[in-house]
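Quick note: the coordinates plus some simple rules give every number you see, no bench work behind them. In this text, all values refer to a predicted model and were calculated from it rather than measured experimentally. Glycine also receives a Cβ, built like all others from the backbone with ideal geometry; neighbour counts cover every protein chain displayed.
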Amino acid sequence: MSSDGGSPLGRHEPVPPAVRAQLLATEHWGLLASRSTTQSEVLTRISMFLTFTSASIVSVALVGQATRFSEAFVLLAVVVLFIDVAMGLLTQVRVMNVGNEDLMYVTAMNRLRAAYVDLDPGVAPYLLAAHHDDEAGSARTYFFFGNRSALSHVAGSSMIFMTTANAALIAILSGLLLTLFGAGMTAAIIVGAACGVAFVAAWSVYGYRSYAGIWRRFAPLSPTPPGES
């Protein structure tokens, strides 16, 4: 306790720049560690899903050969695919959450770089990653050279990979359900393909709205100046 009865932590004494730099660096390393952990975890989840799906499809194929692809085989395939789709959707939700978390970490580290620049403005030209904590700053940090389109970034993401994989499973499951109820092969293919495409479209709209909502609610402290985006 201080002599005036107050806590020394309650004082607002000037902090030396070296101490500020140490505090910022500590926070930066913590964000890097958290980002690395979440990325590793989601890649493991995707690998587990692919392994589970591959094993289940191989098992269904073996059962199909043993039962000569009878109606019992179709029923078993529907049950297995239901499980695969459920596992895929759970994995896809996690992938989307991690994508949002990764954006969170990138934006937080951009804000810390802005603090570094405040401490030493001369360091700014040497930072390839952005020091602006807005949407344009996050895009620059994801790709320093700035000549990659947003479509390329999205199309190559784990989110689109999982969406495509789940759409294929949903299309196959929809077609099998129709054949189980006596529909012809042509109808099953058309309806299955339509369900897969509808799933991709619905999830793409949901993902875009989620991304846009993040920036609508977020207030940057160091926005990108006009002309730098």
Exercise. With charges set only on the Cβ (+1 for Lys and Arg, -1 for Asp and Glu), what does the dipole of the chain come to about its Cα centre, in debye to the nearest 20?
Worked result: 400 debye
Exercise. Taking the Cα atoms of the stretch 160-201 alone, what are Rg (to one decimal) and Dmax (as a whole number) in Å?
Worked result: 10.2, 33
Problem set entry | Computed Rg/Rh of the stretch 73-229, alpha carbon atoms with Kirkwood Rh | 1.17
Problem set entry | the chain, helix-only ellipticity at 222 nm - DSSP H runs n ≥ 4, -39,500 (n - 2.57), divided by all residues, nearest 500 | -26500 deg cm²/dmol
For this session: Can you figure out the FRET efficiency of S149 with T186, using R₀ = 22 Å and their beta-carbon distance, to the nearest 0.05?
Result: 0.05
Problem set entry | Mean Cβ neighbour count within 10 Å, used as a protection proxy, ranking 182-190, 94-102 highest first | 94-102, 182-190
Seminar exercise, completed: Any residue on another chain or 5+ positions along whose placed amide H is under 5 Å from the amide H of S222 is listed here as D133
For this session: Mark the label point 7 Å from the Cα of A55 along Cα→Cβ and return the residues of the stretch 66-101 whose backbone N is within less than 17 Å of it.
Result: 80-88, 91
Problem set entry | Burial ranking of peptide ranges 208-214, 127-133 (average Cβ count within 10 Å, highest at the top) | 127-133, 208-214
For this session: First measure r as the distance between the Cβ atoms of L32 and R68, then evaluate 1/(1 + (r/R0)^6) with R0 = 41 Å and state the FRET efficiency to the nearest 0.05.
Result: 0.15
Seminar exercise, completed: Between Y142 and I83, the FRET efficiency computed from the C-beta separation at R0 = 35 Å comes out, to the nearest 0.05, as 0.50
For this session: Please sort 105-114, 54-63 by packing, taking for each peptide the average over its residues of neighbouring beta carbons within 10 angstrom, highest first.
Result: 105-114, 54-63
